[in-house]
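The values are calculated or read from the model by the stated rules, or taken from the named source; none is laboratory data. Worth saying up front: this structure is predicted, and the values here are computed from it rather than measured. All Cβ positions, glycine included, derive from the backbone under ideal geometry; neighbour counts span all protein chains shown. What goes into the accessible areas is simple: the full protein's heavy atoms, side chains included, and nothing from ligands, DNA or RNA. Shrake-Rupley method; radii C 1.70, N 1.55, O 1.52, S 1.80 Å.
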Protein chains: 2
Amino acid sequence: MTIESASNKLKKFFIQQRRLPSYAEMCIIFGFASKKAVFDLVNKLIEAGLLEKDSKGKLSPKRLFSIPQLGIIKAGYPTPGEALADDSVDLYEYLLNLPGAIFSLIVKGDSMIEEGINEGDVVIVDKYRTPQNGDVVAACVDNEWTIKYYRKNNAGVHLVPANPNYPLIFPKGDLMIGGVVISVIRKYH
Amino acid sequence: MTIESASNKLKKFFIQQRRLPSYAEMCIIFGFASKKAVFDLVNKLIEAGLLEKDSKGKLSPKRLFSIPQLGIIKAGYPTPGEALADDSVDLYEYLLNLPGAIFSLIVKGDSMIEEGINEGDVVIVDKYRTPQNGDVVAACVDNEWTIKYYRKNNAGVHLVPANPNYPLIFPKGDLMIGGVVISVIRKYH
DNA sequence: ATATACAGTAAACAATCGTTCACTGTCAAT
DNA sequence: ATTGACAGTGAACGATTGTTTACTGTATAT
């Protein structure tokens, strides 16, 4: 049983059950007859930095779900750059740290395309954040949901699309801000 | 102790420890002196659909980290639309189901801005996916990393930026495709 | 042939696990 | 004043936990 194969099996279990298996369960997963074999393997996984034990000796995934962050990539001209860093970003942690009062929406249309929000993207909206000038907001204008820039001046609030082909929106009736867009997630394929 | 407050405390614990606390630990977290009080509260959380017990009676988070998906938002003109759905997307699950051989990069520059990839965005790259024509790829051209469209014709492979202000790249030397961009994550603020 | 290291088995350990039971107080309704 | 419903205490339960120890092969190196 290689470390690689073991960590994959733990990963699969964690995704399905949202917890790590006990040593007895690992016996089944790994095909061992003795918990000692699991015990040794787990210690290797800890040494490899994939798992860790907290102060109470309880097991938890450490790097099991972290995505190695290789550095900064130039999207403009390729420029002489430093070697890719060996850092790692924990998206797991990032997502779990989102505030409590959030919801997500699937974007349809292209009025925010110049902001880099495409059709099909998922936007995550914080309900209770107070919108600042220039924030991307999900708003309900005259009973329809839309996603636009939030603008406020002494004339009042209006909504601006990032795509200049679309007009500004000056809400005639009621304007309800559903929340401020705090994250955009796009999945290719 | 309200369900709301309890689930927030569990959430906080899970984010820090990547596991649910035991009933004894919950006593401390919730401020109870008896595990029975915890037992009752956990049952309420299960009834509320926030936690669940698997076939072995082990506790795991259910909706604790799911983000309610309220539906589809029009980013173009506000159009008469259906009421927002009461579905829910589990980003937690989405992230955990990413393939194994991935890494992430922070984007610098604006050559992919028309694809909706902005400076500061995090792109997630699958190392081993075979790039198709039109895929966004992270490539190492003449020893520099860059992110571009992948184009292949009978003349060979070249890289195309989404921003027309930048030139096509015909690799003189070696071209190494670091991988295919499978996801883009942007965080505002 | 012998020694050494490695990987797994099998059994036992105290500690902790989730669960249950009988009980205590507190509040609201009758 | 009495009742009933809640919410929590405190102690006890068998089961399971992670860990340890002694042992068994099997392969490699000397």
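Entry remark, the stretch A:30-42: residues being within 12 Å of DNA strand D (Cβ to nearest atom) and either open to solvent by less than 50 Å² (accessible area, probe 1.4 Å) or within 23 Å of the chain's Cα centre (by Cα) (or both) number 4 in total.
Determine whether A:GLY57 is on the phi > 0 side of the Ramachandran plot and away from DNA strand D (no atom under 12 Å from the Cβ). In short, no. Among the criteria (1) closer than 29 Å to B:ALA138 by Cβ; (2) open to solvent by 60 Å² or more (accessible area, probe 1.4 Å); (3) modelled with pLDDT of 90 or more, the one A:GLY116 does not fulfil is (2). Looking across the stretch B:1-29, the residues that are among the hydroxyl-bearing types (Ser, Thr, Tyr) and open to solvent by less than 70 Å² (accessible area, probe 1.4 Å) come down to B:SER5, B:SER7, B:SER22, B:TYR23. Total residues in the stretch A:15-64 satisfying the condition of being touching a residue at least 40 places away in the same chain (Cβ under 8 Å) and away from DNA strand C (no atom under 12 Å from the Cβ): the figure is 8. Here B:ILE124 meets each of (1) under 23 Å from the mean Cα position of the chain (by Cα); (2) surrounded by 13 or more Cβ atoms within 10 Å (Cβ to Cβ); (3) free of Cβ contacts under 8 Å to residues at least 40 places away in the same chain with one exception, condition (3).
Just to be sure, is B:LEU50 more than 8 Å from chain A (Cβ to nearest Cβ), more than 13 Å from DNA strand D (Cβ to nearest atom) and either modelled with pLDDT of 95 or more or surrounded by 14 or more Cβ atoms within 10 Å (Cβ to Cβ) (or both)? Against the criterion (more than 8 Å from chain A (Cβ to nearest Cβ), more than 13 Å from DNA strand D (Cβ to nearest atom) and either modelled with pLDDT of 95 or more or surrounded by 14 or more Cβ atoms within 10 Å (Cβ to Cβ) (or both)), B:LEU50 qualifies. Listed here are the strands (runs of 3 or more DSSP E) enclosed by the stretch A:101-189 that have at least 3 residues being within 8 Å of another protein chain (Cβ to nearest Cβ): A:102-108, A:122-126, A:136-141, A:144-153, A:175-187.
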